[in-house]
1. Please verify whether segment 160-174 includes one or more residues that are assigned to a helix (DSSP H, G or I), more than 16 Å from the ligand (Cβ to nearest atom), surrounded by fewer than 24 Cβ atoms within 10 Å (Cβ to Cβ) and at pLDDT 95 or above.
2. Condition check: in contact (Cβ under 8 Å) with a residue 24 or more places away in the chain, closer than 20 Å to LEU148 by Cβ and basic (Lys, Arg). Does LYS293 satisfy that?
3. Can you spot a residue in segment 258-267 that is under 27 Å from VAL48 (Cα atoms), among the basic types (Lys, Arg) and out of contact with any strand residue (DSSP E or B) (no Cβ under 6 Å at 6 or more places or on another chain)?
4. Looking at (1) under 27 Å from PRO189 (Cα atoms); (2) more than 16 Å from the ligand (Cβ to nearest atom); (3) not aromatic (Phe, Trp, Tyr), which is the one condition that is false for ILE99?
5. So which helices (runs of 4 or more DSSP H) stay within segment 182-295 end to end and still have 2 or more residues that are within 16 Å of the ligand (Cβ to nearest atom) and open to solvent by 20 Å² or more (accessible area, probe 1.4 Å)?
6. Where residues in segment 123-155 are assigned to a loop (DSSP other than H, G, I, E, B) and more than 12 Å from the ligand (Cβ to nearest atom), which of them is least open to solvent (accessible area, probe 1.4 Å)?
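The values are calculated or read from the model by the stated rules, or taken from the named source; none is laboratory data. This structure is a prediction, so every number in the text was calculated from the model and none was measured. Every residue, glycine as well, gets a Cβ built from its backbone with ideal geometry; the counts of neighbours run over all protein chains shown. The protein model used for the area step is the full one, side chains on, heavy atoms only, and it has no ligands, DNA or RNA in it. Shrake-Rupley method; radii C 1.70, N 1.55, O 1.52, S 1.80 Å.
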Amino acid sequence: MNELNFNRHRRLRQSENMRALVRETYLRKEDLIYPLFVVEGEKIRNEVSSMPGVFHVSLDYLKEEIDEIVSLGIKSIILFGVPAEKDEVGSQAYHNHGIVQEATRLVKEFYPELVVIADTCLCQYTSHGHCGVVEGGNILNDPTLDLLAKTAVSQAEAGADIIAPSNMMDGFVAAIRKGLDEAGYHDVPIMSYAVKYSSSFYGPFRDAAHSSPQFGDRRTYQMDPANRREALREAKSDIEEGADFLIVKPSLSYLDIMREVKDAFNAPLVAYNVSGEYSMIKAAALNGWVDEKEIVQEKLLSMKRAGADLIITYFAKDVAKWLS
Ligand code: PBG
């Protein structure tokens, strides 16, 4: 054997303590952002059928939910609204007493320290289910920008700490930044869904948020999964327009993109571990086919390794428990 020349990588793996010394990446509770669906109505805590363990919660039950989140050590939530009424122009998205605005006020009243991120989009609020203003079957870019800016300002007014625009209109960061600044919210950061692919992994979310497009699809505004360089152009625009955080979404099939965006831009990077990614693991775990605790941590770790600083995940509560 003496004549063989090779490296002994196993030297650094021989015990748990040795492995801990050389571990490169960690999952921390501080990395987690928990998505929460708030609905209009009373006494509602309904499980989303395609997302076991995820609930629609009405405002009267919200405090209980937030008590749990805070007690688990989670520092941040992202709110998605499910309104009772929809119309052509998504008025409930920017109504001062819209569901996200009211939920934000309530959370801030009880837990001023909890970081509340407001998802800023129109699709849950429009009767046609698209993320922008529709005319003659087209999704119009510029007329949508005003509505997004209005939505962001009303969310900031309600106390949102971070605005997270997800609708993929060109110029949405510029429009929202201008709107926030003019309304005096210079200090409210923008977490932009800078790189958002047109993905089938959003299926369960659209069930949960009742936000499926009623005609066509989102391919004229969300990105083509085949494109890598385009992701860098998208991220660059958002940084130039004033984004403070960049989101890459979905996460697992896009870890390569995450790494590229991380290397190219010096802004905190957020992975969105989306609904389909959640439901696939849940389904397998409920069948006893995979070890949920191990597989979820391995997957979230892969996002950290790919460069994510933060992770939006429906598993946040479970992970926080496991890390305790
Ligand atoms: C709204 C929005 C979507 C998601 C977050 N914000 C759905 C979509 O673009 O159709 C998906 C989140 C998930 O799947 O978990 N534009």
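1. yes
2. No: the conditions fail for LYS293.
3. no
4. That leaves (2) as the condition not met.
5. Values: elements: 203-209, 229-241, 255-264, 275-286.
Counting at least 2 such residues, we get 203-209, 275-286.
6. HIS128
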